[in-house]
Structures are given as structure tokens and as C-alpha cells.
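The values are calculated or read from the model by the stated rules, or taken from the named source; none is laboratory data. These numbers were taken from a predicted model, which means no experiment stands behind them. Cβ: placed from backbone, ideal geometry, glycine included. Neighbour counts: every protein chain shown. The area values use the complete protein model at the heavy-atom level, side chains included, leaving out ligands, DNA and RNA. Shrake-Rupley method; radii C 1.70, N 1.55, O 1.52, S 1.80 Å.
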Amino acid sequence: MPAVLVIGAGTMGAGIAQVAATCGWDVVLQDAATGAVERGVAGIRAQLGRLVEKGKMTDEALAAALGRLRTAGTPEDAAGMIADSQSRRTEGRSETCPTSEACPALEACSPLVIEAVVERLEVKRDIFRRLETLLPGSAVLATNTSSLSVSAIAEGMRDPSRVIGMHFFNPAPLMPLVEVIAGQASATEAVTFGMETARAWGKTAVRAKDTPGFIVNRVARGYYLEALRLLGEEISTVEKIDRVMKELGAFRMGPFELMDLVGLDVNLAVSTSVWEQMNRHARFTPHEIQRNLVAEGRLGRKTGCGFYAYDGPSPTPAVPGRKGDLAMTADLRRAVHAFADAAGVEDRHDACRLIFTRVLCAILNEGALALEEGVASEADIDTAMKLGTNYPHGPLKWARRIGVSVVGDALRALNTAAGDDRYRPAKLFAAL
Ligand code: NAI
């Protein structure tokens, strides 16, 4: 059976360990904090127990998954346990893994390490440098980082070609997407191994270049940041912006509801990281409303209050938003209506259509810019946004359906009105 060492037993590490163990892999889970692995395993046991209650898993499968899961206190112990799994496998004392038979890459590259520790470059670097000396040269070291550079994490290693990114989404057992990231030095076989492993674990794998936010965390910035700008410019309220995006755009959750769910601090940290790495481009500027809420400790659902308050039977808006002047020039108004018409929007209100156009244009343009910069293929960008964020359509397919010239006209009109180049259209939308 292939083996994986998961470093970090928090939200993501425990989720990834659960995925691997239920897919028949030997798993060693290690964490530096006292009690963390025990909490991680208890969480996995509880999650799997719920699946048994719902009839989605048998008692035997639960016992087998937990039986494949071991814990370690130090990287040294963990590396020893992984080596033990490997040798049992080589000696044929372990079951054969059907997925590894189907994929020679899984055999050639193991063991796999996935680190899901705190999002700090020096901590991740230290872990990989240390593990490199403890594991065989065939090991692949994958980072689950959301916003750091995979190449930067691999810097200073003896063999950076073994390092890749495997970016899972929260909650890992439920979210179907994994972004597999090739750093500057990543070996092709290590990247293939990451892709095959994700598939063997029942996930859809997309390939992304090692660029800020990869695909999902970059393209999704438009959803949050444009909504925040609309709020800050007093164009509308939290409630209305959420409602417009759900009703007119068919998004499952509004941008403010989503930020409350993810955690305003987590969301702000990703925005800030992408903004810094994108040379502080205006379209990624973190919003002061969000910064202030985080400073006040209003982090969303987890603290009982964020953009909404969660102390009543249903969430109530907790950030004052005024419906001010839309300040649309005739040109912008024409472009907004053309965009909304082409997107099949029936609602004819100026404010609703402006909100819809601004937020959706930000996403479509970011998807097209990511494509233009070679972050991923068109198909992978669309797949990633549908599976990683539950968007109703992939941004590129959506843009082509609306019409690239219509999207381009809306972006140019918005860019003229904003005056800070934040809607500068991608080449896909350039005027013919
Ligand atoms: P978490 O805070 O729930 O867990 C982190 C764990 O790492 C803790 O248990 C901590 O004790 C442990 N740790 C810290 N330093 C360590 C070390 N030197 N050695 C071993 N263990 C160590 O964090 P979470 O949310 O699970 O995030 C982990 C990583 O996954 C981060 O890089 C994050 O950016 C990334 N990520 C997080 C997502 C999320 O929604 N939470 C989604 C996708 C990626």
C-alpha cells in the first residue's frame, strides 16, 4: 500500500489524512503541538462515524481506515514509520493497492509527504529541509500552502525537484478539487505523481503554475474585493449585494456570506498575500472595511459576527451599507445593460445590474488574465472555479457565452470610470 506522511494535524492535515486512509493508503500523521494528533484522529473518527450512521460507510471500512492511520510526535519518528510501511510493502506483507498498479508513478515516487502546517514560509522550509535528510531520495514533498510560493518553500533544499504543491480545499474529504502546482524546479514525475495521487483519492486534479493564489485563490479575489468596493462606495448593502449575486448570478452563496463562512481573517490573509505578490496591483488591494472588522475581532461565523450577526434565528446584516448614488455615466450605463442582457439577466434595475456586472466582470477578467499569463489551461481554470468555489460556470466559458466583445466593452467602461486600471481588460477582451 502506498504511504503518506501528513505533517500538521489541524483542519487541513486531518482532512487530508482522512481522505488518504479511507482510500486505502497507510498514513502517518505528525504535529508539533501537544495533543494535536490526538485531536486530529478523534476528529477523523467522528467524521467517519457520521458516515457509518448515514449508511455511507460500513463499520469494517471505518475500522480498516483507522487501522491504517498512525501518529508520530517528531518528524524523525514519522520518517521511521513511513520507511517501515514502505519495507512491509516491498516485502509484500501489505495488501496491494489497485491504484498503484494502475499508475507506475505512484510506485516510483513514494513515499509522499504532504505538509499542512501553519502558513509561514520559514516553518514549511524547515520541515522540508529536515525531512529531505530523513526520507529516501524518491520521496515527493508536497505543500498544501494556499498562498506561498512552492518554489520559495523548496529553496535551499538539496533536491528541490521533489517539491510540488498539492492544494486541497476545505473540507478536504468533501471538496473534489486539488490544484497540483509545479514549482520552478519540480520534476515532471513528481508533478505527475501529485496528479495521480489526487485522482487515486477520488479528486479532480488541475495543474497550475506557481503564481500568486494559483488558480482559485486568485480568480476568486474578484468576488470578494469587488463586493467590498461596492459596499465601500456606498453603492449598496451587504444583504443586497449577496442577494444580487445569488439571484442574478446563480452563485450558491453571496460574497459576504462566504467571507463570514471562511473567516474574515483567513480571507484577508489570502487577499493580502496575493496583493503583495502581485506588486500591489489596485485590483487586489485588501479593503479597509474588512481590515477594520478583523482588527475588531469580527471574523465571521466562528466569532458570531462578521458582515452578519449570528445571534438570532437567522443572520442579520451587521455592517451599515448605504444605497448611494450609482454615478453611472451614459457610457457605463449602456455597457452595464448590454452585459446584463447578454448574460440573460431579467432584472432591469440599474443598481442590481451594476452590482452583477462589476462583480462578474472582475471574475471573468481575472480568469482571462490567469489564462493569458499561463497559470493554467482554459479547461483547468474553468474546472477549478466550478469545483473549488462552486461557481455556477467556469469564468472563461461564461465570458465566451456572454460574448468577449460585450465583456470587453463593460470592462473598458468600468476602467474609465474607476481610473485606477483595475479593470484593464485581458487580451481575450481586447477591442477588435
Ligand atoms: P491549522 O491551524 O488548523 O493547523 C495547522 C497545524 O500545524 C496545527 O495543528 C499546528 O500545531 C501544526 N504545526 C505548526 N507548526 C508545525 C511544525 N513545525 N511541525 C508540525 N506541525 C506543526 O491550519 P489549517 O487551516 O489546517 O492550514 C494548514 C495549511 O493548509 C496552511 O498552509 C493553509 O494555508 C493551508 N490551507 C488551509 C485551508 C483552510 O481553509 N483552512 C485551505 C487550503 C489550504
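On the given criteria, is SER186 open to solvent by 10 Å² or more (accessible area, probe 1.4 Å), at pLDDT 95 or above, over 21 Å from the mean Cα position of the chain (by Cα) and hydroxyl-bearing (Ser, Thr, Tyr)? Taking the combined requirement at face value, the residue does not satisfy it. Just to verify a result, which residue in the range 328-350, among those that are touching a residue at least 60 places away in the same chain (Cβ under 8 Å) and farther than 22 Å from PRO392 by Cα, is surrounded by the most Cβ atoms within 10 Å (Cβ to Cβ)? Ranking the qualifying residues of the range 328-350, first place goes to ALA335.
If a residue has to be closer than 23 Å to ALA32 by Cβ and either modelled with pLDDT of 95 or more or open to solvent by 40 Å² or more (accessible area, probe 1.4 Å) (or both) to count, how many in the range 82-108 make the cut? Break it down into steps so the answer makes sense when it comes.
Narrowing the range 82-108 to residues closer than 23 Å to ALA32 by Cβ: 82-85.
Still in the running and either modelled with pLDDT of 95 or more or open to solvent by 40 Å² or more (accessible area, probe 1.4 Å) (or both): 83-84.
The number of residues fulfilling the criteria is 2.
The residues in the range 113-150 that are in a strand (DSSP E or B), within 10 Å of the ligand (Cβ to nearest atom) and not polar (S, T, N, Q) can be counted, and the count is 2. Within the range 394-405, residues that are on the phi > 0 side of the Ramachandran plot sit with their Cβ atoms under 7 Å from residues that are modelled with pLDDT of 95 or more and surrounded by 15 or more Cβ atoms within 10 Å (Cβ to Cβ), at 6+ positions apart or across chains, in these pairs: GLY403/ALA342. The set of residues from the range 151-170 being out of contact with any Gly (no Cβ under 6 Å at 6 or more places or on another chain) and within 11 Å of the ligand (Cβ to nearest atom) comprises ILE153, GLY165, HIS167, PHE168, ASN170. Does PRO173 qualify as being modelled with pLDDT of 95 or more, away from the ligand (no atom under 12 Å from the Cβ) and not small (Gly, Ala, Ser)? Yes: the conditions hold for PRO173. A single member of ARG158, ARG252, ARG218, ARG243 is open to solvent by less than 40 Å² (accessible area, probe 1.4 Å) and more than 22 Å from VAL6 (Cβ to Cβ), and it is ARG218. Could you give me the residue pairs with C-beta distances under 6 Å whose first residue belongs to the range 133-146 and is within 11 Å of ARG162 (Cα to Cα), whose second residue is among the basic types (Lys, Arg) and away from the ligand (no atom under 15 Å from the Cβ) wherever it lies, and which are 6+ apart or on separate chains? These pairs meet every condition: VAL140/ARG162; LEU141/ARG162. When the range 6-65 is limited to residues that are open to solvent by 60 Å² or more (accessible area, probe 1.4 Å), within 15 Å of the ligand (Cβ to nearest atom) and of a type in the set (Val, Ile, Thr), the one that is farthest from ALA83 (Cα to Cα) turns out to be THR11. Condition first: out of contact with any Phe, Trp or Tyr (no Cβ under 7 Å at 6 or more places or on another chain) and free of Cβ contacts under 8 Å to residues at least 40 places away in the same chain. Now tell me which residues in the range 211-252 satisfy that. Across the range 211-252, the qualifying residues are ARG243, LYS246.
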